[in-house]
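Notes follow the structure.
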Amino acid sequence: MVRKLRTLGLGVWLILLCAADAPLDVGPALSILVNDRPVLQARDFLIHNNGVLYICVNELFPALGAKPDYSPDLTIFYLNFDKQRLAADLKTSKVALGSKSFKFAGGFWKDSRLYISEDFITGVYAEAAGLKISIDKPETVKNYQSAFRLPEKFKRDPVKVVVIDPGHGGESIGATSSEGWREKDLTLKLALKLRDRLKAVPGLQVYLTREVDKYMSLEERAEFANKLNADLFLSIHANACDEKSASGFETFFLSLNASDEDSRKLAIWENLELSGNQASHSKELAHGSLSELDVILGDMAQSEHLAESEVFAKIIQNNLALIMQNPNRGVKQAPFRVLMGANMPAALVEVGFLTNAKDRKNMLDEKHQDKIVSILANSILDFQELKARKLGMIRNNETGQTQAGPAAAPVNPKRAAQIR
Ligand SMILES: [Zn+2]
């Protein structure tokens, strides 16, 4: 079980700990190529949320023609190949080979297995052994890695205050199902569960824009987060569509132009706080535009944070994609009013369609709700940890899981255990 989980990578491993009922598969494999010829399908690897890929050395180096020599008690490991002996120091991330020395991203021990960074394999070792080594990665791995990249310019505050916004409330009912399920009830339930999950994380303050069934305007929600000086904002919604077959989850960050027609309609739906079904609002949806909002992107508080909001949205969507069984509708952009005034990285997640029988059954199931909540909680913590790394509060070669960060770091390295 543990071995299987590990093959999926660190982020997934954390999620699955929290969602043990999630369906498992053997996970993606990396194809290791030497001089363009595949020599190994590596399934035991981890991706840290600094985006660095680490591969277990056990099967790797024999396939690459080297004999590793190491022990969990030692911070130095050796590789013997072609009558050469290379020494890699896990503490300093430096390699000594004869009189030369090289740097690599890092390596660490986990469960008595040694993991080493991608650049060591394709760079340091390949060069020393005179080989061309490349790694062919499946899309899921590539997407997962690329999500964990902060832009050069980012808000230099660690994530300490998070605002969760349960969509709708009071007279704003949101989407409904034929059996009378209401979006505003579901979003509140998910938000309350999410707050409970995150409450256990030391150093993190979590607030909800509403804790009961009451109306709040979209502007008031962003204003609430701004007043708290929040570092992260997440609005939770459930989707609706007249096309009953429409299903899946999607995550948005702000743009004045919608990614596609569905996203444009959805933003109008949410901005006008429409309720019920789309057919009864076809006129508004067809003709509604942002012109009545009279907005310029540059004037919006959110425009400062778009690059970070995109990273946050990608983390959420990629984490959901690894666990959820319904269709992955992707990361999209649309002009959501609730995001415009938020003066911090912000995203809006649509966890499924209340109008789709399968999505609805799942979303109303307590266990499935817990699964969604675990993923959202981990996504928030992934983003928090990503920033802490960028701010130098956690070193790059620290695993964030098996080693504690500096005492000042707000990140709890054992979060998986804590929010389970
Ligand atoms: Zn909504």
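The values are calculated or read from the model by the stated rules, or taken from the named source; none is laboratory data. Bear in mind the structure is a predicted one, so any value in this text is a computation, not a measurement. We place every Cβ from the backbone using ideal geometry, glycine too, and count neighbours over all the protein chains shown.
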Practice item. Test Thr187 against the criterion of being touching a residue at least 40 places away in the same chain (Cβ under 8 Å), among the β-branched types (Val, Ile, Thr), within 13 Å of the ligand (Cβ to nearest atom) and within 23 Å of Gln384 (Cβ to Cβ), and give yes or no. Key: yes
Point to revise | Where Leu192 falls short, out of the listed (1) within 16 Å of the ligand (Cβ to nearest atom); (2) surrounded by fewer than 22 Cβ atoms within 10 Å (Cβ to Cβ) | key: (1)
Review point. Hey, among Lys137, Lys155, which residue is closer than 30 Å to Asn80 by Cα, outside the structural domain of Arg337 (by TED's automatic domain parsing), touching a Pro at 6+ places or on another chain (Cβ under 9 Å) and not aliphatic (A, V, I, L, M)?
Key: Lys137
Exercise for review: Output yes when any residue across region 236-249 is in contact (Cβ under 8 Å) with a residue 24 or more places away in the chain, of a type in the set (D, E, K, R), within 24 Å of Asn343 (Cβ to Cβ) and part of a loop (DSSP other than H, G, I, E, B), and no when none is.
Suggested key: no
Point to revise | Residue within region 132-151 that is farther than 30 Å from Pro68 by Cβ, aromatic (Phe, Trp, Tyr) and more than 16 Å from the ligand (Cβ to nearest atom) present | key: no
Point to revise | Single residue of Asp111, Asp82 found to be in contact (Cβ under 8 Å) with a residue 40 or more places away in the chain, surrounded by fewer than 14 Cβ atoms within 10 Å (Cβ to Cβ) and under 27 Å from the mean Cα position of the chain (by Cα) | key: Asp111
Point to revise | Where a residue in region 289-309 is modelled with pLDDT of 70 or more and its partner, wherever it lies, is surrounded by fewer than 17 Cβ atoms within 10 Å (Cβ to Cβ), with Cβ under 6 Å and at least six apart | key: Ser303/Leu297; Ala307/Pro151; Glu308/Phe154
Review point. Quick one: is Thr140 surrounded by fewer than 18 Cβ atoms within 10 Å (Cβ to Cβ), touching a helix residue (DSSP H, G or I) at 6+ places or on another chain (Cβ under 8 Å) and of a type in the set (Val, Ile, Thr)?
Key: yes
Practice item. Quick one: in region 213-249, of everything that is polar (S, T, N, Q) and buried (at least 22 other Cβ atoms within 10 Å of the Cβ), which residue is nearest to the chain's Cα centre (by Cα)? Key: Ser235
Check your understanding: Restricting region 160-184 to residues that are of a type in the set (Asp, Glu) and within 12 Å of the ligand (Cβ to nearest atom), which is surrounded by the fewest Cβ atoms within 10 Å (Cβ to Cβ)?
Key -> Glu183
**Study point:** Members of region 226-242 found to be closer than 22 Å to Asn378 by Cα, within 16 Å of the ligand (Cβ to nearest atom) and aliphatic (A, V, I, L, M), listed by number
**Key:** Leu234, Ile236, Ala238
**Study point:** Segments classed as helices (runs of 4 or more DSSP H), wholly inside region 295-369, with at least 1 members that are among the acidic types (Asp, Glu)
**Key:** 306-323, 357-363
Study note, to complete from the structure: If we ask which residues in region 33-43 are in a loop (DSSP other than H, G, I, E, B) and closer than 17 Å to Asp119 by Cβ, their number turns out to be 0
**Study point:** Residue that is modelled with the lowest pLDDT [pool: residues in region 44-66 that are within 27 Å of Asp82 (Cα to Cα) and in a loop (DSSP other than H, G, I, E, B)]
**Key:** Asp44
